[in-house]
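What follows is calculated from the coordinates using simple rules that are stated; it is not laboratory data. Just so you know, these numbers come straight off a predicted model, no measurement behind them. Here the Cβ is made from the backbone with ideal geometry for all residues, glycine too, and neighbour counts use every protein chain on show.
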Amino acid sequence: MKAPLVFLAPSEDKAAGGHAGKATETSAQKWVREKLVELVVHGGPVACAKAFAVKDGALRKACEEALALRHPVPLLPALERYQGVAFDALDAATLPPAAWELAFILSNLRGLVRGDELVPPYKLKLGGIPGLKAHWQKHLPPLLQQLPEGPVWELLPAEHATLLKGWERPRHTVEIVGGEGKVISHFSKLYRGRVARWLLDQGQGDPTKVKRGRIEGCRWDSVSDNALGGKELKLVVL
């Protein structure tokens, strides 16, 4: 039985600190970093506010973090760096190290990031730099082809799911609905995090067996084919 690979979106909130160092960098990652620094240096406050989606003190901090990327910066493993509702529910600190190698975050700054890969503090919206989404759609496929075997679970909102468009590997998805069958969007991060936790904790990615598992505050409903060559499980929030 192959362990599941779990895909998550990055969080807006990120932990501070880390061990100072210079992260290794591919040409695709360098392009984003340089565009981000260029934006802060030459783009002006309006463009920066759009790129970071923050203002006042938070905007100043985001600009400082972007400029710091030119030098050695504090680094933390991705599953420590990313914070927020989904990552709190995942609770990676209580997972074994091997499970961290099966979690992948689609970072706006770094592209495909494994859970134990070192990440600097930063802020950047996917639409914050012109051409950023197209850039990652172009450069992610070779990285995706190198992933290990195992069932893939795409626990992504629509915006980041588009980065995987064209990837032919089958993958499973989860539709999260309320008791009346209406799709939940605002609080879906919590439940994606709980599903990710179950998958990585149990090391089980077979949809028929996942459906037998228990997710706190929810119940599994139906299983159907999705458009990605895999299965979609419906999760009902109680």
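When the Cα positions of Ala51, Gly21, Gly217 are compared along the charge dipole of the chain, Ala51 comes out farthest toward the positive end, with charges on each C-beta of Lys, Arg, Asp and Glu.
Here the contact order of the range 100-238, divided by its residue count and restricted to Cα pairs under 8 Å and six or more residues apart, works out to 21 percent.
Within the chain, antiparallel bridges make up roughly 55 percent of the DSSP beta bridges whose residues both belong there. The mean sequence separation of alpha-carbon pairs under 8 Å and at least six residues apart, normalised by the residue count of the range 10-153, gives a relative contact order of 34 percent.
Ordering Leu235, Val177, Thr162 by Cα displacement along the dipole of the chain toward the positive end leaves Thr162 in first place; charges were set at the Cβ atoms of Lys, Arg (+1) and Asp, Glu (-1).
I want the antiparallel fraction of DSSP beta bridges within the range 48-175, as a percent rounded to 5. Please report the intermediate quantities before stating the final value.
Details: 6 of 8 bridges.
In the range 48-175, approximately 75 percent of DSSP beta bridges are antiparallel ones.
Note on Val85 and Ala23: their simple-model spin labels are 2.5 nm apart, each label 7 Å out from Cα toward Cβ. Normalising the Debye intensity of the chain to I(0), with uniform scatterers on Cα atoms only, and taking log10 at q = 0.14, 0.16 Å⁻¹ returns -0.92, -1.16.
Direction-averaged projected area, Cα convex hull, the range 122-165: 3.9 nm², rounded to one decimal. Sparse packing (at most 14 other Cβ atoms within 10 Å of the Cβ) combined with a DSSP loop state is found for the following trypsin sites (Lys or Arg not before Pro) in the range 1-75: Lys2, Lys22, Lys55, Arg70.
To the nearest 20 debye, what charge dipole does the range 182-238 have about its Cα centre, counting +1 at the Cβ of each Lys and Arg and -1 at the Cβ of each Asp and Glu? Please list the in-between numbers first.
Numbers: 12 positive and 6 negative charges, 35 e Å.
For the range 182-238, the charge dipole is close to 160 debye.
Both numbers refer to the Cα atoms of the range 1-66; Rg and Dmax are 15.3, 52 Å. Relative to the globular-protein estimate of 2.2 N^0.38 Å, the Cα radius of gyration of the range 63-203 stands at 1.09. Start at zero, step by 5 Å, and the Cα-Cα distances of the range 149-191 spread as 5, 17, 27, 21, 15, 10, 3, 0 percent across the bins. In terms of the mean number of neighbouring beta-carbon atoms within 10 Å, the peptides 221-231, 71-81 order highest first as 71-81, 221-231. For Tyr82, the residues 5 or more places off, or on other chains, whose built amide H falls under 5 Å of its own are Ala15.
Taking amide H atoms as placed 1.01 Å from N in the peptide plane, the amide H of Leu155 lies under 5 Å from those of Phe7, each 5 or more residues away in sequence or on another chain.
Where does each of 110-119, 191-200 land if you order them by average Cβ count within 10 Å, highest first? Mind showing how you got there, number by number?
Values: 110-119: 21.1, 191-200: 23.5.
Output ranking for 110-119, 191-200: 191-200, 110-119.
The spacing between the range 68-112 and the range 3-50, judged by their C-alpha centroids, is 12 Å. For Ala227 and Val37, a Förster radius of 22 Å and the Cβ-Cβ distance give a FRET efficiency of 0.05, rounded to the nearest 0.05.
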